[in-house]
Structures are given as C-alpha cells and as structure tokens.
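Here the structure comes first, spelled out in structure tokens, and everything after it is commentary.
The values are calculated or read from the model by the stated rules, or taken from the named source; none is laboratory data. Remember, it's a predicted structure, so these values are computed and weren't measured experimentally. When we count neighbours, we look across all protein chains shown, and the Cβ atoms used for this are built from the backbone with ideal geometry, even at glycine.
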Amino acid sequence: MNPERRVAKALEDAQGILARHVEPGPRDCEQTINKLLDVLDDETVVQALKDSKMEKPTEEQLAELKRLSGIVTSKEEAEIRIRDLKEKARME
C-alpha cells in the first residue's frame with residue numbers, strides 16, 4: 001500500500017471510531033482513545049506519513065529545480081560548464 005493510501009485508510013478508520021463514539025448510548029472514552037492510538041500511532045502509519053511528506057517537494061524546491069533546469073540543456077553544454085568551473089577554480 002502506498003504511503004498516501006495508508007494514511008488515508010488510517011484517517012478513515014479513525015473517523016469510524018469517532019463516529020461510533022458519538023452515537024447515542026453508553027461510551028467508553030478509554031476504549032475509544034485506545035482504538036484511536038492503535039490506528040494512528042501504528043509505526044507503519046507514522047512512517048507512511050513521513051514518506052508521503054518526503055515525496056512532495058516544497059514550493060521553494062520546485063522553484064529551484066525550475067531555475068536549475070534551464071542552466072544546462074545538453075551534455076555538451078554540461079561538459080563546457082564543467083571545464084569552465086575547473087578553469088575558474090585553477091585561477092582562484
């Protein structure tokens with residue numbers, strides 16, 4: 001299961017637990033909290049949440065990628081830029 005789906009499933013399960021808790025009738029708050037912890041504090045869900053955050057670049061990262069993508073557009077241009085940088089490094 002991919003990270004986004006795992007997190008979405010955990011949220012759906014947690015919503016179900018809360019929906020049952022607010023239904024009329026007797027409630028066991030401790031049992032509800034324990035069920036929520038079982039769903040939301042599961043290591044696979046916690047890791048999936050971390051993974052899903054890591055997969056998406058920030059706006060700043062996207063802007064930097066766009067800026068950098070215009071710098072070198074071919075292998076030949078890359079080789080020229082590397083040569084120029086090496087030459088510049090030798091001069092300094």
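Worth pointing out:
- Residue match in region 22-34 (condition: free of Cβ contacts under 8 Å to residues at least 40 places away in the same chain, part of a helix (DSSP H, G or I) and among the basic types (K, R)): no
- Condition check for V39: surrounded by 11 or more Cβ atoms within 10 Å (Cβ to Cβ), without any contact (Cβ under 8 Å) to a residue 12 or more places away in the chain, under 18 Å from N2 (Cα atoms) and under 20 Å from the mean Cα position of the chain (by Cα): no
- Taking region 42-65 as the range and being over 13 Å from V7 (Cα atoms) and under 13 Å from the mean Cα position of the chain (by Cα) as the test, the residues that pass are M54, E55, K56, P57, T58.
- When every residue of region 55-74 is checked against the conditions, at least one turns out to be touching a Leu at 6+ places or on another chain (Cβ under 9 Å) and at pLDDT below 80.
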